[in-house]
Ligand SMILES: [Zn+2]
């Protein structure tokens, strides 16, 4: 995009832009997409540009247009049967354009000149000055670089000589202008019109000088006796003001590159004895091993601009490539994050293990050993996607200045030149996916680990040591947060209800069954009922009775008569409620999973969630688990099946214990 911006400043490029990247980095896909979009845009009303068509009138018609037409047809027929269908159709439409029924014949400028260039150069300033009001546009037109060509460029040799001959004939510039018409410049890559792409295997043209017999005859008839105006042009004229591209600098394209180099060094080249300007955007693709070619030609250096296309380093893009190749439905076969972790492993093979900018920022990476690899590649990938991970310390977050970010991004220019190519990664994804995709089980981290550990046996240096373990740790940390959060969100609502029910229930004897007048829950007031909430409030069983009494006393003396009845507050606005709620939440935030994970019933119930057996568990446990599962789906994009699998995973692997130290 920076290069595109630089075009706008209008500086004469005279350069070959070489897209440089390792094998399978998607260079040709990139160039094809770019050309397709360019063609689309250039042929749209917004992107249209115009070219010169000379519409000349015969003084008397030359030797029978009709016989010419039949000759045209014959030639087209020959070409068509020679397998050169495209050439034939081009020839047909070209000829059709040239002679109209009323004796006019059209000659398009072979170099697709803009019609404004036919205004004599020394008059253009005056011309535009007269044409436009003294408004802002005129000011831009006269001052901005991007309009400079309007005042500086010359028309092609053919247009210039035709213009001069017509002046000689008519002695009136304005009359000559009557013959100048404009038509949209039609870009057609298949016809090599405006956009041309050469593959290394494309043989050089037998005739490097192109002409048109019909046009030449018409011209000669119109301008007899004068110096011959030759309608001759080269292959380059066809892409003048367009794009000329070389796919891979090999075989015949090497010769083409050399030729281009000579042309841009001089700015013009000879077509027989006519000089032809070449003003095209010149692109070429290059693989690292072909760069040697340029080393041999020192003169190239100032004529070549390299644009790096390394392997994909952006996580989201890498995943989008899998989706593009295998369909969006692949997401459904993975537990959340696992698909992205596949991409993380692929990207890790492309990153260098040394990063000065990262080291300077983080210092000792050991402090993040629980979440990140020792080379900080995982952190770097997060930075590339613009995400700051939660486990990063406050200090490091605040040290992450714009300058530091820039430095990391700048350094990344050296990444993406080794490791698994785009082609490799698609092949591997295909292999991995078809091995592990199943209807009844989502693809999880253990499958990913198994696949890549096997792969690394054959290529031990492809991944840094310990990367897969670090990736798993980061994954574990993240899913643990998700499960915790899901339980916690649920508790915010549920705890509120539980506390209100508790405050209400302490007013009754054990064994009573009451309808809570605030929550409308039907409460079976038992010791178990109290204990469940007291556990969360961290009330020791020995103090339980005293605690219940004090809650009841506060309720009947302060909360109910003063705050609620007298001041009209809701029960949730009373200080008693606030006190109990705060006590509960505080513990929960810290250790939300602990009471659950210690509870064997909870662990077992998680595993039978979705099954008939689940209903045999305590109502409370059923509710807790159901809410947790729902939150995982709502807030973290798990499927129903995925939510169950991830909870089972956290429970079975004692993930919570691994991260028992307070984080941050
Ligand atoms: Zn021209």
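Please find, among 191, 141, 131, the residue that is within 24 Å of residue 54 (Cα to Cα) and surrounded by 15 or more Cβ atoms within 10 Å (Cβ to Cβ). Step through it out loud before you land on a result.
On the way: 141 fails: within 24 Å of residue 54 (Cα to Cα); 131 fails: surrounded by 15 or more Cβ atoms within 10 Å (Cβ to Cβ).
After applying the criteria, what remains is 191.
Test residue 497 against the stated conditions and say whether it is part of a helix (DSSP H, G or I) and either out of contact with any strand residue (DSSP E or B) (no Cβ under 9 Å at 6 or more places or on another chain) or not assigned by TED's automatic domain parsing to the domain that holds residue 334 (or both).
yes
State which residue is farthest from the ligand (Cβ to nearest atom) when the search covers only region 153-180 and only residues that are over 21 Å from residue 128 (Cα atoms) and surrounded by fewer than 15 Cβ atoms within 10 Å (Cβ to Cβ).
Ranking the qualifying residues of region 153-180, first place goes to 171.
Inside region 14-127, counting only strands (runs of 3 or more DSSP E) that do not spill past its ends, which hold 3 or more residues that are closer than 30 Å to residue 172 by Cα and either at pLDDT below 85 or within 16 Å of the ligand (Cβ to nearest atom) (or both)?
The strands (runs of 3 or more DSSP E) meeting that bar are 50-57, 104-108.
This table checks each residue for (1) under 29 Å from residue 351 (Cβ atoms); (2) touching a helix residue (DSSP H, G or I) at 6+ places or on another chain (Cβ under 8 Å); (3) in a strand (DSSP E or B); (4) assigned by TED's automatic domain parsing to the domain that holds residue 206.
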residue	(1), (2), (3), (4)
225	no, no, no, yes
230	no, yes, no, yes
249	yes, yes, no, yes
253	no, no, no, yes
264	no, yes, no, yes
269	no, yes, yes, yes
291	yes, no, no, yes
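Yes or no: residue 150 within 16 Å of the ligand (Cβ to nearest atom), surrounded by 14 or more Cβ atoms within 10 Å (Cβ to Cβ) and under 22 Å from residue 46 (Cα atoms)?
Numbers: within 16 Å of the ligand (Cβ to nearest atom): yes; surrounded by 14 or more Cβ atoms within 10 Å (Cβ to Cβ): yes; under 22 Å from residue 46 (Cα atoms): yes.
Judged against the criteria, residue 150 is a match.
So, residue 136, is that one surrounded by fewer than 17 Cβ atoms within 10 Å (Cβ to Cβ) and either over 19 Å from residue 240 (Cα atoms) or within 16 Å of the ligand (Cβ to nearest atom) (or both) or not?
Considered against the rule, which asks whether it is surrounded by fewer than 17 Cβ atoms within 10 Å (Cβ to Cβ) and either over 19 Å from residue 240 (Cα atoms) or within 16 Å of the ligand (Cβ to nearest atom) (or both), residue 136 comes out as yes.
Go over the candidates 555, 577, 581 one by one and state the one that is at pLDDT below 90 and part of a helix (DSSP H, G or I).
The conditions single out 581.
With the requirement that a residue be part of a strand (DSSP E or B) and over 29 Å from the mean Cα position of the chain (by Cα), what does region 171-198 give you?
Hits for region 171-198 are 180, 181, 182, 183, 184, 193.
The values are calculated or read from the model by the stated rules, or taken from the named source; none is laboratory data. This one's a predicted model, so the numbers in the text were calculated from it and none came from an experiment. A quick note on method: Cβ atoms are made from the backbone with ideal geometry, for glycine too, and the neighbour counts reach across all protein chains shown.
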